[in-house]
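Structure, as structure tokens:
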């Protein structure tokens, strides 16, 4: 068909060889391919030996941070995961502050800082496993206490859970079941 650009994106061999140590250059290259020749994006990612998800994140990093004067060394220290979080959630007016925060915390802590405005380093992570019916009940209870639906689960679920717990502790708790000795 005429008018369709069928030129393959040529990934420079030195970028392929050093893509891990040249984060910002790789991000810029992938953004250019994404914008100028999107049909070749998957091929470029494959040549760089990175997954498609990471390639899209790197392109997003360049889009969000290209106007900033971030040194290659600083970008390498932060890593693509933290830079991706900054690119997705950071606002232009706060990005300098967030870069400083990112240097002193983990990616998870940075995500919590961005979402909730802070992170408690003494906090604990709890992993719970529910069946489908149990999760539906949990989600209903958390949403009733202020959790907000999001494409990847619930936002503000920790605060909603703590409201639920606080209210249950201040209300009249049901009497414990007597032990039958068959447990």
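Within region 37-80, which residues are more than 18 Å from residue 11 (Cα to Cα) and part of a loop (DSSP other than H, G, I, E, B)?
Across region 37-80, the qualifying residues are 66, 67, 68, 69, 70, 71.
How many of the residues making up region 71-88 are over 15 Å from residue 59 (Cα atoms) and surrounded by fewer than 17 Cβ atoms within 10 Å (Cβ to Cβ)?
Qualifying residue count for the region: 6.
Inside region 153-183, can you point out the residues that are at pLDDT 90 or above and in contact with a strand residue (DSSP E or B) (Cβ under 8 Å, 6 or more places away or on another chain)?
Across region 153-183, the qualifying residue is only 160.
Given the structure, is residue 129 loosely packed, with under 13 Cβ neighbours inside 10 Å, farther than 25 Å from residue 25 by Cβ, at pLDDT 85 or above and within 15 Å of the chain's Cα centre (by Cα)? Walk me through it before giving the result.
Numbers: loosely packed, with under 13 Cβ neighbours inside 10 Å: yes; farther than 25 Å from residue 25 by Cβ: yes; at pLDDT 85 or above: yes; within 15 Å of the chain's Cα centre (by Cα): no.
No.
Yes/no per residue for (1) at pLDDT 85 or above; (2) under 16 Å from the mean Cα position of the chain (by Cα):
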{"position": "57", "(1), (2)": "yes, yes"}
{"position": "68", "(1), (2)": "no, no"}
{"position": "76", "(1), (2)": "yes, no"}
{"position": "81", "(1), (2)": "yes, yes"}
{"position": "98", "(1), (2)": "no, yes"}
{"position": "102", "(1), (2)": "yes, yes"}
{"position": "116", "(1), (2)": "no, yes"}
{"position": "120", "(1), (2)": "no, no"}
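The values are calculated or read from the model by the stated rules, or taken from the named source; none is laboratory data. What you are looking at is a predicted structure, and each value in this text was computed from that prediction instead of being measured. Counting neighbours? That spans all protein chains shown, and the Cβs are built from the backbone with ideal geometry, glycine included.
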